[in-house]
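> Okay, here's the structure, questions in a sec.
Laboratory data are not the source of any read-out in this text; all were calculated from the coordinates shown. Here the structure is a predicted model, which is why all the values come from computation and not from measurement. We place every Cβ from the backbone using ideal geometry, glycine too, and count neighbours over all the protein chains shown.
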Ligand SMILES: [Zn+2]
């Protein structure tokens, strides 16, 4: 019986994530283009015919259309089902890691924001304010809620909110410092103002310890990619995807990493 419930829950969570991924596909296409996110309904970018409701089903829509528009047969990018699958898997992983908890719901939102920001940064080398600022505000609200639920008092909630805002400010400082350092080392601007705003958002959601860990991982992975794919990106490289990777790795491994680190350095104190 338990196994049936687990399978059913997994399917529901994956479907939810894939649906959010489907919406992320809309956001990353329309937001940078300055189009409305809610209107008009999904259309083929080539023939502008409105998609049938059943073609809009995440993953399966693309599969049974065999990656082509129902009307004009022009190819639909495999990126659509890919983003849906990634979102579904992230939702599932978070669900298995944190079970049914406030943390799961919060991280679902945080990771959805990060995924959307990563794709937009990858496509356009920008991190739009409507996304970074809403992500930051949502992170602060989440921390206040978390404080209220787990500490159980309004004082706890307010403290948690202040912690979130402080970590957000730290995030901006940290990324400004990295940007200045990058300019000294590489002689040009390596990071945009958008990266610092994502840093603020990460601070609010993750707290200062996880923020530092996530930023370190992001810089390390980004540096490796920068060396490997320098020719493709030239001097400019989107940093948003690496911030997302750093945050995701931290969410799943942060506790282990930080406790190991503390044990290594403070075991003999
Ligand atoms: Zn079409």
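> So what is the relative contact order for the stretch 164-269, in percent, with contacts set as C-alpha pairs under 8 Å and at least six apart?
27 percent
> Sorted by average packing, counted as other Cβ atoms within 10 angstrom per residue and highest first, what order do 187-195, 30-38, 207-215, 251-259 take?
Details: 187-195: 17.0, 30-38: 11.3, 207-215: 20.6, 251-259: 14.4.
Packing proxy ranking, top to bottom: 207-215, 187-195, 251-259, 30-38.
> Identify which of 157, 204, 18 has the largest mean-square fluctuation in a Gaussian network model of the chain, with springs joining Cα atoms closer than 10 Å.
Looking only at 157, 204, 18, the biggest GNM fluctuation is shown by 157.
> Ok, one more. What angle, in degrees between 0 and 90 and rounded to the nearest 10, separates the Cα long axis of helix 193-228 from the longest principal axis of the Cα atoms of the chain?
70 degrees
> Under a crude label model (7 Å from the Cα following the beta-carbon direction), how far is residue 30 from residue 79 in nanometres?
Here the modelled spin labels are 1.7 nm apart.
> For residue 122 paired with residue 39, estimate the spin-label separation in nm (one decimal), with each label point 7 Å from Cα along the Cα-to-Cβ line.
Between residue 122 and residue 39, the label points sit 3.1 nm apart.
> What spacing in nm lies between the two simple spin-label points modelled at residue 256 and residue 68, each 7 Å away from Cα in the Cβ direction?
Distance between the two pseudo-spin positions: 4.6 nm.
> Turning to a different aspect of this structure: Highest GNM mean-square fluctuation, the chain, Cα pairs closer than 10 Å: which of 164, 177, 244?
Looking only at 164, 177, 244, the biggest GNM fluctuation is shown by 177.
> Next up: At 222 nm, what helix-only mean residue ellipticity would the chain give, in deg cm²/dmol to the nearest 500, using -39500 (n - 2.57) for each DSSP H run of four or more? It would help to have the intermediate numbers written out before the result.
Values: 9 runs with 200 residues, N = 269.
Estimated from H runs of four or more residues: -26000 deg cm²/dmol.
> Additional query: Express in nm, to one decimal, how much length is gained between residue 153 and residue 137 on full extension, taking 0.36 nm for each residue of separation and deducting their alpha carbon distance.
Working: separation 16, 0.36 × 16 = 5.76 nm, distance 2.11 nm.
The span from residue 153 to residue 137 would gain 3.7 nm if fully extended.
> So what's the angle, to the nearest 10 degrees on a 0 to 90 scale, between helix 79-98 and the longest Cα principal axis of the chain?
40 degrees
> Please tell me the relative contact order of the chain in percent, rounded to the nearest whole number, where contacts are Cα pairs under 8 Å and at least six residues apart. Walk me through the numbers on the way to the answer.
Working: 320 pairs, mean separation 43.4, N = 269.
Here the relative contact order equals 16 percent.
> Here is a follow-up. Given Cα pairs under 8 Å that are at least 6 residues apart, what percent is the relative contact order of the stretch 1-134?
Values: 129 pairs, mean separation 41.9, N = 134.
Across the stretch 1-134, relative contact order equals 31 percent.
> Along each of the three principal axes of the Cα atoms of the stretch 1-100, give the extent in whole Å, ordering the values from largest to smallest.
On the principal axes, the stretch 1-100 reaches 48, 29, 19 Å in Cα extent.
> Does anyone have the angle between helix 2-30 and the longest principal axis of the chain? Alpha-carbon axes, 0 to 90°, nearest 10?
So the inclination is approximately 80 degrees.
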